[in-house]
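Readers should treat all values here as calculations from the given coordinates under stated rules, not as data from a laboratory. A quick note: this is a predicted structure, and the numbers were derived from the prediction, not measured. Glycine also receives a Cβ, built like all others from the backbone with ideal geometry; neighbour counts cover every protein chain displayed.
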Amino acid sequence: MKPALYAGLLLGLVPVQAALLQHIEFVGIRPDLCLVAACLAGFLAGELEGLLIGLALGLVQGLFSAGDLWLNVITKGGAGLLAGLAGRHVTNPTTVSMLAVLAGLSVLSGIIVLVAIRSGAGLVAFLAAVRSVLVPEVVLNAAVGTGLYWLIARRVRRQEAIPRGPAGLIG
């Protein structure tokens, strides 16, 4: 199941983000689904899977975008790794903890991208980009990722609540 899910993410997430999310914008900003997916993979499956999914998604996203290839690879891979480390050290993961992790990693990733892209623009332009681009993107990433985490956690809890017989089988 996991290999099929990860292959679907790698092959489908970037085209969905590029094609469908053009129509779903908030003040001209779209959520970064690759960052959200890397963070969810890390938080739920561990730091190694978060790192690998983040690196792969960053590579695919970098290949399909006009931006710097390695910037996507580093930010998505790092976010997956850090989300995995955070997920391992959270005793009772909740939607609030996922919101905090995703918002923090989205801020970190966004600042790295802004510094790399607008390094010579000056402080005023950087602060304007933080206000107009980074803050709405962080809010959107955190909302989308927390919503997805809530759905995943709800499904897992429902499956755990299914009564099982003496041999561990249903019924």
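Calculated on the Cα set of the chain, radius of gyration then Dmax: 17.4, 67 Å. Between the amide H of Ser65 and any residue lying 5 or more places away or on another chain, no distance stays under 5 Å, with hydrogens modeled in the peptide plane. Across segment 46-52, rounded Karplus estimates of 3J(HN,Hα) from the backbone phi angles (6.51 cos²θ - 1.76 cosθ + 1.60, θ = phi - 60°) give x, 5, 5, 5, x, 5, 5 Hz, Gly and Pro being marked x. Once the chain from Val124 to Arg154 is taken as fully extended at 0.36 nm per residue, the excess over their C-alpha distance is 6.4 nm.
For segment 15-155, the relative contact order comes to 26 percent (Cα pairs under 8 Å, sequence separation of at least 6). Of the residues Ala86, Ala66, Ala18, the one that moves most in a GNM of the chain with alpha-carbon contacts below 10 Å is Ala66. The charge dipole of the chain, taken about its Cα centre with unit charges on the Cβ of Lys, Arg, Asp and Glu (plus for the first two, minus for the last two), comes to roughly 420 debye. What is the calculated FRET efficiency for Ala66 to Val139, with r their C-beta to C-beta distance and R₀ = 25 Å, to the nearest 0.05? Between Ala66 and Val139 the formula returns 0.50. Applying the Karplus relation 6.51 cos²θ - 1.76 cosθ + 1.60 with θ = phi - 60° to segment 75-89 yields 3J(HN,Hα) values of 5, 6, x, x, 5, x, 5, 5, 5, x, 5, 5, x, 6, 9 Hz, where x marks Gly and Pro. Taken one residue at a time, the phi angles of segment 97-113 give Karplus couplings (6.51, -1.76, 1.60, θ = phi - 60°) of 5, 5, 4, 5, 5, 5, 5, x, 6, 5, 4, 4, 4, x, 5, 4, 5 Hz. Gly and Pro are set to x.
The simple spin-label model puts a point 7 Å past each Cα toward its Cβ; for Lys2 and Val27 those points are separated by 3.9 nm. Residues considered: Thr94, Thr146, Thr75. Largest GNM mean-square fluctuation over the chain, using C-alpha springs under 10 Å, is found at Thr94.
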